[in-house]
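The structure under discussion appears below in the form of structure tokens.
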Amino acid sequence: MPVSALASPSATRAVLEAHGLSLKKSLGQHFLIDDNIVRKIIELAAMGRDEAVLEVGPGIGTLTVALCDAAGYVVAVERDADLLPVLTDVAAGCGNLAIVRADAVTVPIAELATPLGPPTALVANLPYGVAATVVLRFFQEIPSLRSATVMVQSEVAARMAAEPGRKDYGAYTVKLRMHARPAGSFKVAPGCFMPPPRVDSTVLRLERAVREEPEELRLLAEHLAEAAFAQRRKTLRNSVLATTGWSGTAFDAALTRTGIDGRRRAETLSVDEFIELATAAASEGLSG
């Protein structure tokens, strides 16, 4: 039995034609047409039936109807006004669904509340142009969010899951890792979409990382990471000083406190080392 009755080329085409719609390349719309992928997303997300789930970019509701069956409540954020009637029609039988017309990059967090409380899981086939921004933003601004299971461009998934020393590891990775850690993934072929995208896709699960640093220290560590990677071909010391304008004497003292060699490259530092260096920098009077 299908997880989503919409996850096929014929069903997707029929829904679009019934509403007089065509695909909008400007919004990066690629509709999922493989029910097995929907099934794997639901399995990887591992939602409880008492959970409030946030979906971004529901489109015609292919994943939405499956989420409504698996979760306690779903709030779906869609920016395309033309798709709202389709989504409302397709999900008419979902009594545990709220649809919010908004841009996920800017939607007020208060508008994502559900009868079960704030969302505890993000599960979505994300619009690729904003995927990285949206995932980081929601982990930063929704404390209740325990996990995110998202389909993104494989290149973005690599950045999200990268480890120190890899070319994909950068300031974004450090900032995201302050909040979440990778916990499983699988690839999705272009042929699973209509129309097929020109990039490969990956479904990645991220789980909330519990950290004890105060927010001001985390923010300083993020600022430090951005400065360290701003000129990633330079040494850690040279890139940070060139970008921040910090006192070389004070930063050298911070490096000495931690035992971190300023000649290292930014991509070799772990998240814990960025936190450690931020702590030492704050002790030397340096700030973001």
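Taken together, the values in this text are just the output of simple stated rules run on the coordinates, not laboratory data. Because the structure is predicted, anything quoted here is derived from the model rather than measured. No Cβ is skipped: glycine too gets one built from the backbone with ideal geometry, and neighbour counts run over all protein chains shown.
Between residue 125 and 56, 151, the built amide H atoms are under 5 Å apart, and every one of these is 5 or more places off in sequence or on another chain.
Rounded to the nearest 20 Debye, what is the dipole magnitude of the chain about its Cα centre when Lys and Arg each give +1 and Asp and Glu each give -1 at the C-beta?
For this selection, approximately 880 debye.
With K and R counted +1 and D and E -1, the other residues having a Cβ less than 13 Å from that of residue 260 yield a net charge of 0.
Once you sort the root eigenvalues of the Cα gyration tensor of segment 183-288 as a ≥ b ≥ c, which label holds: rounded (a/c under 1.5), prolate (a/b larger than b/c) or oblate (the other case)? Verdict is prolate for segment 183-288.
Counting only DSSP H runs of at least 4 residues, each contributing -39500 (n - 2.57), and dividing by the residue count of the chain, the helix-based mean residue ellipticity at 222 nm comes to -11500 deg cm²/dmol.
Taking only the alpha carbons of segment 139-195, we obtain Rg and Dmax values of 12.9, 36 Å in that order. Couplings 3J(HN,Hα) for segment 160-168, derived from phi with the Karplus relation 6.51 cos²θ - 1.76 cosθ + 1.60 (θ = phi - 60°), are 5, 9, 5, 10, x, x, 9, 5, 7 Hz, where x marks Gly and Pro. For segment 260-288 and segment 89-142, what is the centre-to-centre distance using only Cα atoms, to the nearest Å? If you average the Cα positions of each part, the centres end up 34 Å apart.
Beta bridges assigned by DSSP with both partners in the chain are antiparallel in approximately 50 percent of cases. How many angstrom separate the Cα center of segment 151-177 from the Cα center of segment 1-76? Between the Cα centre of segment 151-177 and that of segment 1-76, the gap is 26 Å.
Hull volume per residue, based on the alpha-carbon atoms of segment 1-104 and their convex hull, is 98 Å³.
Of the residues 194, 151, 160, the one that moves most in a GNM of the chain with alpha-carbon contacts below 10 Å is 194. For the chain, modelled as a GNM whose springs connect Cα atoms under 10 angstrom apart, the maximal fluctuation among 126, 277, 176 occurs at 277.
Net charge around residue 236, counting only other residues with Cβ within less than 11 Å of its Cβ (Lys, Arg = +1; Asp, Glu = -1)? Walk me through the numbers on the way to the answer.
Details: positive: 232, 234, 237, 263, 264, 265; negative: 261, 267, 273.
With Lys, Arg at +1 and Asp, Glu at -1, the neighbours total +3.
Between 175, 40, 167, the residue with the greatest mean-square fluctuation in the GNM of the chain (Cα pairs under 10 Å linked by springs) is 167. Between residue 256 and residue 89, the distance separating the two model label sites (each 7 Å from Cα on the Cα→Cβ line) works out to 7.2 nm. Values of log10 I(q)/I(0) for segment 67-182 across q = 0.11, 0.17 Å⁻¹ run -0.39, -0.88, by the Debye formula with one identical scatterer at each alpha carbon and no solvent.
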